[in-house]
Each structure stands twice: as structure tokens, then as C-alpha cells.
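A quick write-up on the structure given underneath.
Any read-out appearing in this document is the output of simple, stated calculations on the displayed coordinates, not a laboratory observation. Please read all numbers here as calculations on a predicted model, not as lab measurements. Every residue, glycine as well, gets a Cβ built from its backbone with ideal geometry; the counts of neighbours run over all protein chains shown.
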Amino acid sequence: MGDEDNTPNEEFTKGEQQPSSCRDAWAAILFYAQFIAVAVFCFWLGVPAMTKQFDENKRESNTTSGYNVDYEGIMYLVMTAAACAFVLSGMSLVVMSCCPKILIQFSLLISLLVSLAVCVYSFIYSNILGGVFGLVIFLLSLCYAWTVWNRIPFAAANLNTGLTAVKKNSFIFILAYMFVVFTFAYACVWMTAVVGVFDAMGVIDETGNVSSDPVVWAYFFLLLLALFWSEQVFQNTIHAIVAGVMKLLAAAPRQSGEVPFELLLQALAASTLRALVESARQDDDVEGCASFLLCLVDCCLSCLQGILEYFNKFAYIYVGMYGYSYLQAGKNVFTLFKNKGWTVIVNDDLISNCLSLFNLVVGALVGLFGLLMKDANPEWFLGFEDDTAAQMAAFGFPFLIGIVVSAVMFSVVDSSVNTVIVCFAEGPAEFEANHPELSAEMHEGWRKVYPDQCGF
């Protein structure tokens, strides 16, 4: 916030519901085309390659001895862990709504304690470099906590309002988990397509040499771009849908063009290119000036990715609320925040810390549940090399499942909070008329932290 000039350079006009239509249709067509192309590569090249590999492995397993893991038992473990993760994630929402302020404070203190523990541990074991690094992180975390501590009531009010909105529209969680299942299925299809291309193009020959054919790597670049693009579409469609639900609009039908267009920019300009640059930096043959230039390019792409992701988060709220195209939505949100003097939003870091902490807690609890299931059902873990391997599987699989399941649920909460910020900035009077108690809490929190910028 700061003491910045609040006089807007451009007048802000409140958003209006746009007629239902497919904007940026070319981007939608391109997105569906790459989706179909990945599926074609999967079934045309990938499935035969996988079948051939499975047959070879089966012939080898018939002639060699080894451990045969009971995959049926692992599936039982995965299903029970998923059910446990659903229950614990739901309970977490109840806990967060009871004491959001205390939980945000606790998440800040935990980050301080973790960085301090790393510092002390490193010095005890004579790791001077690690100790100095841990000390620097601890001091930076301490300065951050000291700076934002007085802003916690503001973040707590937004979190509580977002949780209330989500609980009143709990069906959106079902939609979110449907996207998780769909994303997982797409990842399996994509991986199979990669295997097919790898096998068909002969990336590695019989002597172990890697192909230098640019056509081969062009295929992999396009597949990598498709993965980043699709993953971002699945993830950020949830943001727009949540915003639409909060505004009582059918957001999903309007996103056909807007979602693929913006995320193509993000995937192409940042994620995919960064992945390729990082791969090039690992090449031992790259030295001197070339290495410096790659480092510089990677830094620039990292900054660009951060800018795209920041504006993407709030622009999607407008896409879901009113059905604007992405570029128009981004312009409107930027103008709104600039008009209000809210060009820096600090609470998203505070709330993200709290949600990340709960994410890890749920994952750990589900992992412990997996260990209990191992003791109760030892027949599920027959075939592991030793008890340590069985314990790692019993904790590891449920832990990952708990992380994924709770992350989806908490991402809905995060989207709801972002929607609350935009709605409150755009029309505080309407919010007060519909939700007087929540409005009073938010007014109080904002007045304490930003008395000059809040405007009321």
C-alpha cells in the first residue's frame, strides 16, 4: 500500500455482466486441437510402446526371481487414504473458520521456528554455510513477520468471509475434485504419448547416444507446452468457476476462449521456456558467456512468469464474475486496484502461509493413518523387500494423497478469498447490504491496517 498517490489515471467503471459468448475462439480451437493431438499420440504410438514394454517385462519376470508387490493391497490403502483426506480437509475448514486470526499467527511462527531449527541444526553439525544461510532466512522471516503482524486482522477477516462463502456453496468442491480426477487422467495420457514419441523417434539408439535431430526435440517441446498449458487451464478454471458461484453467475460456459488464451501466454512465455532454459543450463558444454546469457534469460522469464501469475489470479475473478475476455478482465482489475490505492495486496501471502501449513498437516495425518492401516492390515504390504520399505510405502502414498486432496479444497478457499477482495473493492455497499456481519468484520480489519487506503 504505502503512501502512494491514490489519484487514478483512468476512471474505473463497475463490472457488468457480459453476454454469453466464446471469446478468443481461435485459442479455444487451438487448445482443443492440442488436446486431441496428445490423445492421438497416446493411442497411436504410446499404447503399443507400453504394451511391448509390459510383454518384455513379463517375460523377464518369468525367468528371474524377485519380490512381487500386492498392488491390490496398495489400491485398498490408496482408497482408504483418500477417504481420510476428504474427512480431514473438511474438518480443517471448520477449524479455520473458528479461529482464523490465531491460525495465521501460528503459521507465521511456524515458519520462524523451522528456519531457526535449520540454522541451529547446521551449526551443531559444523555446516557453516548451511548455518549462515539458515540464519539469513530466519532474519528475513523475522523481519517479514514483524512487518505484517499488524495486518493479520485484515487477512483473518478476508479468510473468514471466504470460508463462509465456500461453505454456503459447498458443491463447488465436488466440481474441484472432478477436475483433479480429469487432470490425473490427462497426465497419464500425456505420459503415454511421451513414451510413444520416445520409442517411435528413437531418441536413444542402441549404443546409448542421444539423438540430435531437431525434429525430435520439436515434438518434445510441443508436448511440454501442451502439458503446461493444459495443467494451467484445469487449475485456473477453478478460480473462474468459484468467482462465478460467488457472484451467482454461470461462469464455466463463458470460459471457453478466455482460459486457453491467457494460459497459452503463461505456458509459452514462462513455464515451457523456463524448463528448456534450465535444461540447457545443466549442460556441461555450456560455459562462459553462453552460461551467463542463459542465466539472464532464466531470470527474465522468471520475472515474466511471476507477473503473469499475479495478474492472472485476480483477472480470472473478473472472468468468472462478469464473463469478460481475459485481457479486458486484467485491465479492469488493475484499474480497480489502482483506483482504490490497493496496488499491493499483502494478505494473500498471509493466507497462503496458513493454507500451506494446513496442507502439510493434513498430508502428515493421512500418512500416519497409512501407518495405522499397515499395522491393522499387514497382508496389504506383502512382497516388500523389508519392513522399512513397507513403512515408507504406507506413509508415502497416503501423504501424497493427503497433500493433493487438501490442496484442491484449499485452492477453492484461496479463490473465494480473492473473489471477496475484488467484490469488496468494487462494491462495499452491496456487500454490506447482503452480509452485514461479515461486512462489519471486514470493515474493522481494513480500517486497522489500511485506514488511509480503505476509503471508509
Notebook entry, point to check: Sorted by packing (mean other beta-carbon atoms within 10 Å per residue), highest first, where do 107-113, 189-195, 151-157 land?
Noted result: 151-157, 189-195, 107-113
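Using packing as a proxy for protection, rank 359-370, 422-433, 214-225 so that the peptide with the highest average count of other Cβ atoms within 10 Å comes first.
Descending packing order for the listed peptides: 359-370, 422-433, 214-225.
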Item checked: In order through the range 110-117: 3J(HN,Hα) via Karplus (6.51 cos²θ - 1.76 cosθ + 1.60), integer Hz, x for Gly, Pro -> 4, 4, 5, 5, 5, 5, 5, 4
Note to self: For the ranges 402-408, 116-122, what's the packing order if you count other beta-carbon atoms within 10 Å of each residue, average per peptide, and put the highest first?
What the structure shows: 402-408, 116-122
